[in-house]
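Pasting a structure here, questions to come.
Just so you know, all these numbers are worked out from the coordinates, no wet-lab data involved. In this text, all values refer to a predicted model and were calculated from it rather than measured experimentally. All Cβ positions, glycine included, derive from the backbone under ideal geometry; neighbour counts span all protein chains shown.
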């Protein structure tokens, strides 16, 4: 969890609201299917025509996304909408800006 969620949330100043499965956190969870392999293309992404990962093979793929405790994507079908989004103010830790640090 640290590698794909907690550390990113800490870097972006969103931890512990994001990046944790704990009482008081948002309950945003992405469930991956570890048996689904797929080559990544820009067409897989939302509103972009470029990805630096174009052509890379993913060794797992999202099969469900839970947003604040509610399923908003299942098996590639979007169940949520724009009104489900939420702006979060963030503050990047000055130590992160200064250079590499151990999380």
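Two decimals is fine: what is log10 I(q)/I(0) at q = 0.18, 0.19 Å⁻¹ for segment 2-77, from a Debye sum with one equal scatterer on every Cα and no solvent?
Summing over Cα pairs of segment 2-77 leads to -0.91, -0.99.
Do you know the relative contact order of segment 2-77, to the nearest whole percent, from alpha carbon pairs under 8 angstrom that are 6+ apart?
Worked out over segment 2-77, it gives 26 percent.
Which length gain, in nm to one decimal place, applies between residue 43 and residue 23 when the Cα-Cα distance is subtracted from 0.36 nm times their residue separation?
Gain on extension, residue 43 to residue 23, equals 3.6 nm.
Run the helix sum for the chain: -39,500 (n - 2.57) per DSSP H stretch of 4+ residues, divided by residue count, reported at 222 nm to the nearest 500 deg cm²/dmol.
That calculation yields -2000 deg cm²/dmol at 222 nm.
Per-residue counts of other Cβ atoms within 10 Å, averaged by peptide: what ranking do you get for 8-19, 74-85, highest first?
Final packing ranking: 8-19, 74-85.
Could you calculate the contour length gain from residue 66 to residue 1, that is, 0.36 nm times the residue separation minus the distance between their Cα atoms, to one decimal place in nm?
The span from residue 66 to residue 1 would gain 21.8 nm if fully extended.
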